[in-house]
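The values are calculated or read from the model by the stated rules, or taken from the named source; none is laboratory data. What you are looking at is a predicted structure, and each value in this text was computed from that prediction instead of being measured. Using ideal geometry, Cβ is built from the backbone for each residue, glycine included, and neighbour counts are taken over all protein chains shown. We work out accessible area using only protein heavy atoms, side chains counted, and drop any ligands, DNA or RNA first. Shrake-Rupley method; radii C 1.70, N 1.55, O 1.52, S 1.80 Å.
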Amino acid sequence: MCKETSKRIITLDEVKSHNIPNSAWTIVNEQVIDITQFSKRHPGGDIILLSAGRDATVLFHTYHPRGVPKSVLDKLEIGTIKDAQSSYYDWSSSFYSTLCERVVERLKSRNRPHRGNSDVQIKAVMILAAFWFSLFKMYTSEFRAAITWSIIMGVFAHFVGTCIQHDGNHGAFSKIPLINTAAGWTMDMIGASAFTWQFQHMLGHHPYTNLLDLHEEDMKSQSIDTPLSSKDQESDPDVFSSFPLMRMHPVHEPQWFHRYQHLYAPILFALMTLAKVFQQDVEVALNRRLYHIDAQCRYASLWNRVRFWGMKALSLVYMIALPCYFHGIKGGLILFAVGHLTCGEVLATMFIVNHVIEGVSFAKKDNRNGDVTSSKPTTAEGVTPMDATIKSAKKGVEKVPLNDWAAVQCQTSVNWSSGSWFWNHFSGGLSHQIEHHLFPSICHSNYVHIHDVVEDTCREFGVPYQSESNLFVAYGKMLKHLKMMGRTKAF
């Protein structure tokens, strides 16, 4: 009779120390797996290395809607985690698995690939051609006309961000990893860094939407920067990184100037890409961290560092140096600023209305009282919409916990113009934000084909599904929400 081999017990600190491409461990459902060699043959490419040194349970489930055989994880397993950080989220209900099954079946029935096909790829070629053409015309036109071309260039730079790099970095643009990488590189092409975007968007915002770690917020209020190794990974930088300039999460204490944030917010939106290009990207590359997120999984690689600095230098040549050559230093800098301000304004507008708007919920994780799941998602007014919708769930369907991961995504995200083919393509799928957050590895061109499946399943399980009639209504409600946030107390 063979004696069963006991599994190796591994500490969280050990996992965090294996956070580089040449030594990459991660955690999935309390299994510690070594992905160092597997990353070279991973069907999705080296995107898997983003999980190095951290708990990747949320990423694992949400990037594989068709599931992964347990045998794959078992082959990579090197032990079990001893002291994993408690998660805010609950995975016990069948809500998300039901969503996955139905969405996969819908795409199969319509013969739609999960990742991008010719429609999104043809659109990408058109966007890139328009970007470079407008940039060329900006060089060669007289100055007044060049201003117009700079604005056009900024609009198409925004389309690069929403319609190409977004899917590329999520691994959703193509079934071929190299093409996804190339699509992701277009973020560097327009001057920003795809790596910084991956850290903030894919490791911070997507898994933990509108969630704040209260312990870390307490430390920051006392100007204490705790060691990176001790920080909780479950916190959304999109709702805390703008504070104190803007108050987006109801946990933060309002300042007197927040009473006017609905007026000055559009000005700050325009500055977003400039701040990213010249400040945030550089700080992350030098410090190898973004807020509470370890960036070693990318910047420990010499090639990635060369790529970052090389693309920064190259983009500054055609975005600043050439305009200055054709229009003089003053004219070139004006054209550069106009293009960026346009891109920043449009890009920020497309993103913010999805999570900072009337009716959306916010969550908080409190490690201080020993029960991280005790706080349910609530709106800024302290209301939990799911308390009402759960009462209308289909009879006989299991009750979904308020902190169920997929249910939280639905509570913290808002759609607009749901079902519209035009607005879905125009926004790069951001108009179907709920579908995108539930299925980040599915290409945005598919969202119009699955939105009714998601909405019907939410209704069946009693989970909120908020959708505004159009972008303009959503924008107005976003400004009203910011105004209200400037006048209400923290809770």
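Numerical summary
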| quantity | calculated |
| --- | --- |
| For K483: the one exception among (1) more than 17 Å from the chain's Cα centre (by Cα); (2) open to solvent by less than 40 Å² (accessible area, probe 1.4 Å) | (2) |
| Subset of region 349-361 (residues that are open to solvent by 10 Å² or more (accessible area, probe 1.4 Å) and within 13 Å of D238 (Cβ to Cβ)) | F351, I352, H355 |
| Candidate set: region 1-26, residues that are of a type in the set (S, T, N, Q) and without any contact (Cβ under 8 Å) to a residue 60 or more places away in the chain; chosen: the one farthest from Y88 (Cα to Cα) | T5 |
| Residue in region 109-130 that is of a type in the set (S, T, Y) and open to solvent by less than 20 Å² (accessible area, probe 1.4 Å) present | no |
| Some residue of region 286-305 being of a type in the set (F, W, Y) and within 23 Å of the chain's Cα centre (by Cα) | yes |
| Residues of region 101-121 classified as under 24 Å from the mean Cα position of the chain (by Cα) and farther than 19 Å from V454 by Cα, total | 5 |
| The lone exception for G332 - which of (1) without any contact (Cβ under 8 Å) to a residue 60 or more places away in the chain; (2) surrounded by 20 or more Cβ atoms within 10 Å (Cβ to Cβ); (3) closer than 24 Å to H201 by Cβ it fails | (3) |
| S235 under 20 Å from S413 (Cα atoms), polar (S, T, N, Q), in contact with a helix residue (DSSP H, G or I) (Cβ under 7 Å, 6 or more places away or on another chain) and open to solvent by less than 10 Å² (accessible area, probe 1.4 Å) | yes |
| Among the candidates Y299, Y264, Y260, Y208, residue that is more than 30 Å from N403 (Cα to Cα), hydroxyl-bearing (S, T, Y), at pLDDT 95 or above and crowded, with 20+ Cβ neighbours inside 10 Å | Y299 |
| Subset of region 164-194 (residues that are among the aromatic types (F, W, Y) and either farther than 22 Å from A285 by Cβ or under 12 Å from the mean Cα position of the chain (by Cα) (or both)) | F173 |
| Filter result for T209 (over 21 Å from G359 (Cα atoms) and β-branched (V, I, T)) | no |
| Residue within region 438-446 that is touching a strand residue (DSSP E or B) at 6+ places or on another chain (Cβ under 9 Å), closer than 26 Å to L59 by Cβ and surrounded by 22 or more Cβ atoms within 10 Å (Cβ to Cβ) present | no |
| Some residue of region 27-40 being surrounded by fewer than 19 Cβ atoms within 10 Å (Cβ to Cβ) and touching a residue at least 60 places away in the same chain (Cβ under 8 Å) | no |
| Any hit, region 218-227, residues being at pLDDT 90 or above, crowded, with 20+ Cβ neighbours inside 10 Å and not small (G, A, S) | no |
| Residue count, region 391-446 (criterion: among the β-branched types (V, I, T) and outside any helix (DSSP H, G or I)) | 4 |
| Boolean, G359 is part of a loop (DSSP other than H, G, I, E, B) and within 30 Å of G161 (Cα to Cα) | yes |
| Residues satisfying the stated conditions in region 458-480, i.e. in a helix (DSSP H, G or I) and surrounded by fewer than 22 Cβ atoms within 10 Å (Cβ to Cβ) | R459, E460, L471, F472, V473, Y475, G476, K477, L479, K480 |
| Helices (runs of 4 or more DSSP H) wholly inside region 1-100 that include at least 3 residues being within 21 Å of the chain's Cα centre (by Cα), under 24 Å from D366 (Cβ atoms) and modelled with pLDDT of 95 or more | 57-62 |
| Number of the condition not met by E435 [criteria: (1) within 15 Å of the chain's Cα centre (by Cα); (2) open to solvent by 10 Å² or more (accessible area, probe 1.4 Å); (3) acidic (D, E)] | (2) |
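The rows are residues; the columns are (1) modelled with pLDDT of 95 or more; (2) in contact with a strand residue (DSSP E or B) (Cβ under 8 Å, 6 or more places away or on another chain); (3) at positive phi.
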site: F351; (1), (2), (3): no, no, no
site: H355; (1), (2), (3): yes, no, no
site: D366; (1), (2), (3): no, no, no
site: N369; (1), (2), (3): no, no, no
site: A380; (1), (2), (3): no, yes, no
site: M386; (1), (2), (3): yes, no, no
site: G396; (1), (2), (3): no, no, yes
site: A406; (1), (2), (3): yes, no, no
